[in-house]
Amino acid sequence: MINIMTIDLEDWYQDVELKYWHHYEDRIVQNTNKLLTILDETNAHATFFVLGYNAERFPELIENINDKNHEIATHGYDHTPLLKQTPTKFEKELTKSIKILERITKEKIIGYRAPIFSIVQETSWAIDILKKHVKYDSSIFPVKTPLYSNPNGPRFPYRLLSLDTKMDGEGDFFEFPPATYRIPILRKNIPIAGGFYLRLFPYRWIKYGIERINKEKQPAICYLHPWEIDPKQPKIKSYKWWHYYNLDKTEKRFRRLLRDFKFISIKEYLEYK
């Protein structure tokens, strides 16, 4: 069964306000190159959701990712959650990021992921804007957490009309929701997509959840950040505990994930289907 790997290309400090970013050490190149090596070792491909800000500063890194046949998609420009943007600002930043990435890769950018999975009910206006510029989104996480909440959203790839409407066989805009395991009796979705959840839960639980998804003949959409394989990164006082939790275990678990399952990019999946 084929699954999908995605990488949110952010540096370790990029959850703080943009105006402070210049104070921090850049570690994104070394961490991303390490991720690329791990992906190469297992013949896995991924979709890299890239911040336009990082592409501007490190175009050679984006070229290297693209040259290794991974997909380049957009993560917006500066990692501002949609709840803090207006529709006008969102579209301006989206098109700015796309232009930067297309200039570097010489290829059409077809995918988007919102910072902190921030397409929720209050920001559903973003969907109509996205349809004008890309072919798919991967921001609607069908779980309820303090950071994002779409607990009733579909769990598997689907054609998207609006936040509350799944289309069957119609339309040409797709949604790729990050992986969840649904507890049958409670009818509650548990996130297993990777990132913090790969660090929080025992690996055997993540593996079991993906196996259950595959038994439904569906792909699991997983994700990781480059800084999550960097336990020696500096500390930021304002960050919550979950940013640093089990960073020393992430690389080993990520390697196991790539050995246990086959992963391709979203673009490859669309072509395959």
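The values are calculated or read from the model by the stated rules, or taken from the named source; none is laboratory data. Predicted model, so just to flag it, every value in this text is computed and none were measured. With ideal geometry, Cβ positions are generated from the backbone for all residues, glycine too; neighbour counts draw on all protein chains shown.
Here is how the numbers come out for the structure above:
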quantity: Filtered residue count, the stretch 228-273, keeping only those that are of a type in the set (A, V, I, L, M, F, W, C) and over 23 Å from residue 177 (Cβ atoms); calculated: 4
quantity: Extreme residue, nearest to residue 129 (Cα to Cα), among residues of the stretch 64-99 that are of a type in the set (Ser, Thr, Tyr) and touching a residue at least 12 places away in the same chain (Cβ under 8 Å); calculated: 95
quantity: Number of positions in the stretch 197-225 that are of a type in the set (Phe, Trp, Tyr), buried (at least 19 other Cβ atoms within 10 Å of the Cβ) and assigned to a helix (DSSP H, G or I); calculated: 1
quantity: Inter-residue pairs, beta-carbon under 9 Å, first on the phi > 0 side of the Ramachandran plot and in the stretch 195-218, second at pLDDT 95 or above, 6+ apart; calculated: 195/8; 195/178; 195/222; 195/223; 195/224; 195/225; 195/228
quantity: The lone exception for residue 236 - which of (1) part of a helix (DSSP H, G or I); (2) over 15 Å from residue 31 (Cα atoms) it fails; calculated: (1)
quantity: Residue satisfying condition, being farther than 25 Å from residue 29 by Cβ and within 17 Å of the chain's Cα centre (by Cα), within set 221, 266; calculated: 221
quantity: Residues (exposed (fewer than 15 other Cβ atoms within 10 Å of the Cβ), in contact (Cβ under 8 Å) with a residue 24 or more places away in the chain and among the polar types (S, T, N, Q)) located in the stretch 31-59; calculated: 33
quantity: Some residue of the stretch 131-151 being closer than 22 Å to residue 27 by Cβ and buried (at least 23 other Cβ atoms within 10 Å of the Cβ); calculated: no
quantity: Selection count where residues are assigned to a helix (DSSP H, G or I) and in contact (Cβ under 8 Å) with a residue 24 or more places away in the chain, scope the stretch 100-131; calculated: 16
quantity: Selection status of residue 228, free of Cβ contacts under 8 Å to residues at least 60 places away in the same chain, part of a helix (DSSP H, G or I) and crowded, with 21+ Cβ neighbours inside 10 Å; calculated: yes
quantity: All positions within the stretch 168-194 that are free of Cβ contacts under 8 Å to residues at least 24 places away in the same chain, on the phi > 0 side of the Ramachandran plot and not basic (Lys, Arg); calculated: 169, 171
quantity: Among residues of the stretch 169-211, those that are at pLDDT 95 or above and out of contact with any strand residue (DSSP E or B) (no Cβ under 6 Å at 6 or more places or on another chain), counted; calculated: 15
quantity: Tally, over the stretch 239-273, of residues that are closer than 14 Å to residue 221 by Cα, of a type in the set (Ser, Thr, Tyr) and not in a helix (DSSP H, G or I); calculated: 1
quantity: Single residue of the stretch 112-121 satisfying the filter (of a type outside the set (A, V, I, L, M, F, W, C) and touching a helix residue (DSSP H, G or I) at 6+ places or on another chain (Cβ under 6 Å)) that is surrounded by the fewest Cβ atoms within 10 Å (Cβ to Cβ); calculated: 118
